[in-house]
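Asker: Handing you a structure now.
The values are calculated or read from the model by the stated rules, or taken from the named source; none is laboratory data. Since the model is a prediction, treat every value here as computed from it, not as a measurement. Positions of Cβ are backbone-derived with ideal geometry, glycine not excepted, and every protein chain shown enters the neighbour counts.
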Amino acid sequence: MSMRIPSYALLLAAVGAAPSLAAEADNAQALHDKHCTTCHGTEVYIRKDRKINTFLDLERQVRSCEKIHRGHWSEAETAAVIRFLNEHFYHIESTSDG
């Protein structure tokens with residue numbers, strides 16, 4: 001017996017996900033603004049000699065900073081901040097690892 005999901009159910013699921021994605025983005029920016037910018041401004045993300053050149057570099061740096069500042073972020077929050085920084089500043093392909 002095959003189980004078919006009605007198309008309206010898929011639509012409702014997609015629409016329901018949109019607010020949570022928006023909330024995640026807002027939370028990521030709030031975490032960034034509260035924790036990251038206490039040490040540095042956004043200029044470090046866009047300078048010519050920046051240290052972050054791969055997605056792996058970005059992940060490592062965010063995780064390192066989070067530990068240093070004892071942010072105690074969840075894995076989802078850390079991932080959201082990484083995505084926030086990448087989408088707003090770095091624009092690195094997430095499959096890039098060096």
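Asker: List the helices (runs of 4 or more DSSP H) that sit entirely inside the range 43-98 and contain at least 2 residues that are over 17 Å from Ala28 (Cα atoms).
Answerer: 43-46, 55-68
Asker: Output the qualifying pairs, or none if there are none: Cβ atoms under 8 angstrom, residues six or more apart or on different chains, first residue in the range 22-39 and of a type in the set (Asp, Glu), second residue assigned to a helix (DSSP H, G or I).
Answerer: Glu24/Ala76; Glu24/Ala80
Asker: Tell me the residue from Val81, Val62 that is touching a His at 6+ places or on another chain (Cβ under 7 Å), modelled with pLDDT of 90 or more and surrounded by 13 or more Cβ atoms within 10 Å (Cβ to Cβ), please. Walk me through it before giving the result.
Answerer: Working: Val62 fails: touching a His at 6+ places or on another chain (Cβ under 7 Å).
None of the other options fit; the residue is Val81.
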